[in-house]
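What follows is one structure encoded as structure tokens, with my remarks underneath.
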Amino acid sequence: MNQMQPTSNRDLYLRLLKYLRPHWRVVATAVIGMAATAATEPAFPAIMKYLLDNGFQTKDPQMVWLIPTGIVSLFLVRSIFVFCTGYLMMWISSRLVTDLRRELFAKLIVLPSSYFEQQSAGQLISKLVYDVSNVTDAATSALISTVRESLTAMALIGYLLFLDWKLTLITLAVAPVIAFTVSAFSKRMRAASHKSLNSMRLISHTIEETVAAQKVVKIFGGKEQQTQRFFNASEQFRRAQMREAIPSSAVTPITHIAASIAIAIIAYLALSQATGQAGASAGGFISFITAMLLLIAPIKQLTSVSTTIQRGLAASQSIFSLLDTPAEDDRGQIHVGRVGGQIRFDAVSFQYPGTTRLALDQVTFSVEAGQTIALVGASGGGKTTLGALLPRFYGIDSGRILIDGTNISDISLISLRENIALVSQDVVLFNDSIAANIAYGSLTTRTRKEIELAAKAAHALDFIEALPNGFDTYVGENGAKLSGGQRQRIAIARAILKNAPILILDEATSALDTDSERQVQAALSELMQGRTTIVIAHRLSTIENANQIVVMHEGRVVESGTHVELLGKSGYYANLSRLQP
């Protein structure tokens, strides 16, 4: 597992800023909007200066209406800028989240199998879903903002009541308008949030499915297909976020407009000599107005409180630890095309990380192209490990594995895995149609006729055609709508359609009843024809016709030969045969 290295806050921020480079035009536009908003700040004090210079007994009756109208117009312009910049900042934030998630998922696809064995699916989902969201809030602190802005607001309201409680009550009369507006927008935000949650569930489902099926994704070349599925789900979530951004960004400027109307009313009352205590002096009036303006800022901040800086930084560190994890070792440069299928294990030793015992110890055997070799022995003998080393789910510690005389470590992973198909006891099906599961990894390049022929060869056509929607029937979560035998035959059809020259059968029938096993065995016979097949089996009756049987015990080869030869030796295999019915 990649260890998380301590990183300074400055380094984390600088690394995050790199993700803004592709969107610099939007960032620049938002900055311009913020600058324009800031440029309007001196306008209001200028209006107040006019009032002080000319006194509250203006001789121009038009100014009684002009100044209040100017105040509303000023805040209307400011509100437009605030809305636009708020929306743009939300766009940047959602795009940053989307880019990070895409990069994380693209990295997840190429991580080695050992990484997934050391990480739970929940941890990985948390990194991609929740940690990424927290990153966008890395510059804020909810607790500090809430306490600071709440105290500021209470102090300002107390000061306003002290200056003139009548005018303050008039000001607070706009509160129901603001509350109604917020309530109306809240309904829209709830609807948009519901869509966001549904999109997030789709993202989580895709991640969880990919983590559970990472070997199938790799062996059948489904990296691009699975990545595209995730990209589509992520884009759907981003759009849902933008639907949330409209009401979210509108609340603050509407609050500003309502506050400006209250200020305009106060100004009108002051100019028409209908004010109370605050109108007794220019200083009192300006002080009241200034306090009103200062109240807007904490209200704005309270509407945008987010997670703390430390949570955001912790999320950043968690995300970057995943991004910095080394991908699968793919130093092989040879592209072999379609191999003949001759395989040789030459003194192969392997030990799982964190264990003290060798899983394989100097294992040597070979199988000719087109032949079938069976690996048998007690659980823990190393059979499944041998099957996992051939497609390089793990790297060996010593020895060599050769295909047609070429060391597999010199072959690129894509080229190597294009030549291998896998059918295991734990069949992995995606929550998609039967046709999509059969053509997984090559759906866009396979015709319906090819898919049907593969299903027929796998003895699956009859039960598929009996389903309500045939090949378009969705199989449910990991094929929950299908029986064990049906799932196995779908997996066999997938391997038949891939038409790889090397086939690995890992306990493909061990969990089936007698009738299902008979049907699956018939399908396997079709699949094994003309292919180099490695059969990992407990039931010896299923491998009697293998060209060679290799008996494994505690990571070593203890016997090898044909079924008849091994029975004649009266050794380990013969003892296993006597123990089985």
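The values are calculated or read from the model by the stated rules, or taken from the named source; none is laboratory data. Here the structure is a predicted model, which is why all the values come from computation and not from measurement. Cβ atoms come from the backbone with ideal geometry, glycine included; neighbour counts cover every protein chain shown. SASA here: full protein model, heavy atoms, side chains in, ligands and nucleic acids out. Shrake-Rupley method; radii C 1.70, N 1.55, O 1.52, S 1.80 Å.
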Test: residue in region 32-46 that is small (Gly, Ala, Ser), at pLDDT below 70 and outside any helix (DSSP H, G or I): no
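Every residue, every condition in (1) open to solvent by 10 Å² or more (accessible area, probe 1.4 Å); (2) closer than 26 Å to Thr227 by Cα; (3) touching a helix residue (DSSP H, G or I) at 6+ places or on another chain (Cβ under 6 Å); (4) in contact (Cβ under 8 Å) with a residue 60 or more places away in the chain, yes or no:
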position	(1), (2), (3), (4)
Asn431	yes, yes, yes, yes
Ile434	no, yes, yes, no
Thr445	yes, yes, no, no
His459	yes, no, yes, yes
Glu465	yes, no, no, no
Ala480	yes, yes, no, no
Leu497	yes, yes, yes, no
Glu507	yes, no, no, yes
Gln521	yes, no, no, no
Selection status of Glu517, among the acidic types (Asp, Glu), in contact with a helix residue (DSSP H, G or I) (Cβ under 7 Å, 6 or more places away or on another chain) and over 30 Å from Asp397 (Cα atoms): no
Flag for Asn469 being open to solvent by 50 Å² or more (accessible area, probe 1.4 Å), at pLDDT below 85 and not acidic (Asp, Glu): no
Filter pass, Ala454 being under 16 Å from Gln529 (Cα atoms) and open to solvent by less than 30 Å² (accessible area, probe 1.4 Å): yes
Unmet requirement for Ser412, which otherwise passes all of (1) under 22 Å from Leu505 (Cα atoms); (2) touching a residue at least 60 places away in the same chain (Cβ under 8 Å); (3) surrounded by 15 or more Cβ atoms within 10 Å (Cβ to Cβ); (4) small (Gly, Ala, Ser): (1)
Conditions (1) in contact with a Ser or Thr (Cβ under 8 Å, 6 or more places away or on another chain); (2) at pLDDT 85 or above; (3) not in a helix (DSSP H, G or I): number failed by Ser560: (1)
Candidates Glu554, Glu517, filtered to the one that is at positive phi, out of contact with any strand residue (DSSP E or B) (no Cβ under 6 Å at 6 or more places or on another chain) and acidic (Asp, Glu): Glu554
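Would you check if Ile502 is within 20 Å of Ala388 (Cβ to Cβ), in contact (Cβ under 8 Å) with a residue 12 or more places away in the chain and open to solvent by less than 10 Å² (accessible area, probe 1.4 Å)?
yes
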Extreme residue, least open to solvent (accessible area, probe 1.4 Å), among residues of region 310-360 that are assigned to a loop (DSSP other than H, G, I, E, B), modelled with pLDDT under 90 and among the polar types (S, T, N, Q): Thr325
Residue in region 564-577 that is among the hydroxyl-bearing types (Ser, Thr, Tyr), more than 19 Å from Ala458 (Cβ to Cβ) and in contact with a helix residue (DSSP H, G or I) (Cβ under 6 Å, 6 or more places away or on another chain) present: yes
Residue match in region 64-86 (condition: closer than 25 Å to Ile289 by Cα, out of contact with any helix residue (DSSP H, G or I) (no Cβ under 8 Å at 6 or more places or on another chain) and modelled with pLDDT of 75 or more): yes
Residue tally, condition farther than 16 Å from Phe365 by Cα, of a type in the set (A, V, I, L, M, F, W, C) and either touching a residue at least 12 places away in the same chain (Cβ under 8 Å) or open to solvent by 50 Å² or more (accessible area, probe 1.4 Å) (or both), over region 557-574: 2
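Residues Val423, Val376, Val367: which one is crowded, with 18+ Cβ neighbours inside 10 Å and within 26 Å of Ala439 (Cβ to Cβ)?
Being crowded, with 18+ Cβ neighbours inside 10 Å and within 26 Å of Ala439 (Cβ to Cβ) holds for just one of Val423, Val376, Val367, which is Val423.
Let's see how each residue does on (1) within 37 Å of the chain's Cα centre (by Cα); (2) within 16 Å of Ile420 (Cβ to Cβ):
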{"position": "Ala500", "(1), (2)": "yes, yes"}
{"position": "Ile504", "(1), (2)": "yes, yes"}
{"position": "Asp515", "(1), (2)": "no, no"}
{"position": "Gln521", "(1), (2)": "no, no"}
{"position": "Met528", "(1), (2)": "no, yes"}
{"position": "Ile536", "(1), (2)": "yes, yes"}
{"position": "Arg539", "(1), (2)": "no, no"}
Among (1) modelled with pLDDT of 70 or more; (2) open to solvent by 20 Å² or more (accessible area, probe 1.4 Å), the one test that Ser234 misses: (2)
